[in-house]
């Protein structure tokens, strides 16, 4: 029984922490490349401490009253926060407000995991795991 609960606990933990699969990150990267707005629903203080250059700060508490500032309900919107909890709440608010193409990037750290989007027929860079990124940094550092 414990062997069954352990994998379920790991999956639930990943979801709670705002994990996004590499396939989902590629999809969101493509949506952003097409010009979709990136909403950062953290507090203004969190936003001021660091944010993506394309992100627009719209705290989740203010979102319901400012839906008209985002765009047309049929346009795609990408949302993120610090851990993934507020972005989920923001997605529910957006969907209740008529937005149909809402993408939850989840946690702020997922911004760094977004792959390069293919441009001019080039192939996209792969999404690397944490260990692969660490090995690549070590390889570049020890090159000489």
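The values are calculated or read from the model by the stated rules, or taken from the named source; none is laboratory data. The model shown is predicted, which means the values in this text are computed figures rather than measured ones. Glycine also receives a Cβ, built like all others from the backbone with ideal geometry; neighbour counts cover every protein chain displayed.
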Looking only at the stretch 68-88, which residues are over 16 Å from residue 112 (Cβ atoms) and buried (at least 17 other Cβ atoms within 10 Å of the Cβ)?
70, 76, 77, 79, 86, 88
Conditions (1) at pLDDT below 95; (2) under 30 Å from residue 134 (Cβ atoms) -> residue 40 fails only (1)
Residues satisfying the stated conditions in the stretch 70-91, i.e. over 16 Å from residue 109 (Cα atoms) and in contact with a strand residue (DSSP E or B) (Cβ under 9 Å, 6 or more places away or on another chain):
70, 71, 76, 77, 89, 90, 91
